[in-house]
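First the structure, in the form of structure tokens, and then the observations on it.
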Amino acid sequence: MFNHYFMKQLSKIPQNFSKGFTFADQKLIPVPGKALLGVLFQNKQDYRALKQHIEKIGFEVELESEEMKFDLTDYYEKEMGSELRRIFVSLKGVYSMDESISFKLKTIEWESKWRVSGLRTINIDPGYLDFHKLVLLSGKEGPQKIYLGQSVWADLCLMRKSGRFETLPWTFPDLRDGFYRPFFEKVRLDF
């Protein structure tokens, strides 16, 4: 995390450093992407309840991947238990990537609805897919992640190259083996 030296350096940045920059002559166009959710769960009922909640508040699940065992890491086991599974879903329509921070914060609220004794029973990794890449939004810092603001980082997970999605050195283990790639290709076609 941030060390004392880094925080001291940040405090030297003038509060008004962005004054003087203007975009008056430019029309800024939102950059579109397909909204995705990677949902990690132990109990399929929790996943179904989340899906109903999402649709009740005005989103529509467009495509759903097949379910895969999430057993290549035990990172979430202490909080969520063993025999975890993951599903990716795409939401209908196109969303502006400018909404990435609020999208991540909204999914944190959704996770809270299924907490038991303070622990998550579902983990939601929101993100987006465009013609060139898959990006997941994270609340954790990492060397490859780009800080967006409000404790949200963008994590480039897959990159399109030579007509297919390719992994990167830091790609999550369950995305490396290609199980979800047909799903991502289908989402890309709907973009």
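The values are calculated or read from the model by the stated rules, or taken from the named source; none is laboratory data. Given the structure is predicted, the values throughout are model-derived calculations rather than measurements. Positions of Cβ are generated from backbone atoms using ideal geometry, with glycine treated the same way; all protein chains shown enter the neighbour counts. Heavy atoms of the whole protein, side chains included, go into the accessibility calculation; ligands, DNA and RNA do not. Shrake-Rupley method; radii C 1.70, N 1.55, O 1.52, S 1.80 Å.
Legend: residue pairs K34/K106; K106/K140; K51/K113; K104/K140; K69/K133, Cα-Cα distance threshold 19 Å; pairs beyond threshold, K69/K133.
What does the accessible area per residue of the chain come to in Å², with a 1.4 Å probe and no ligands, DNA or RNA counted? Write out the running numbers ahead of the final one.
Details: 11930 Å² over 191 residues.
It amounts to 62 Å² per residue over the chain.
Quick one: with all protein chains in place, what share of the accessible area of the chain is carbon or sulfur, to the nearest percent (1.4 Å probe)? That share works out to 54 percent. Calculated mean residue ellipticity, 222 nm, the chain: -7000 deg cm²/dmol, from DSSP H runs (n ≥ 4) at -39500 (n - 2.57) each, averaged per residue and rounded to 500. Using R0 = 22 Å, the C-beta based FRET efficiency linking N43 and K106 works out to 0.50. If a spin label sat at a point 7 angstrom from the Cα of V94 along the line to its beta carbon, the backbone N atoms of the range 110-150 nearer than 20 Å would be those of 127-136.
Highest mean packing first, where packing is the average number of other Cβ atoms within 10 Å per residue, the peptides 96-103, 139-146 line up as 96-103, 139-146. Alpha-carbon geometry of the range 145-187: the Rg and the Dmax are 12.0, 35 Å, given in that order.
Using +1 on the beta carbon of Lys and Arg, -1 on that of Asp and Glu, and nothing else charged, what's the dipole of the chain about the Cα centre, debye to 20?
With Lys and Arg at +1 and Asp and Glu at -1, about 440 debye.
Quick one: dipole size for the range 45-90, taken about the Cα centre, charges +1 on Lys/Arg Cβ and -1 on Asp/Glu Cβ, in debye to the nearest 20. Walk me through the intermediate numbers first.
Values: 7 positive and 12 negative charges, 27 e Å.
Value, rounded to 20: 140 debye.
So which aspartates and glutamates can K56 reach, going by Cα to Cα under 16 Å and dropping same-chain residues fewer than 8 places off? Straight-distance partners of K56: D46, E109, E111.
Under Stokes-Einstein, with the Kirkwood radius over Cα pairs standing in for Rh, what whole-number D in µm²/s applies to the chain at 25 °C and 0.890 mPa s?
After rounding, the answer is 134 µm²/s.
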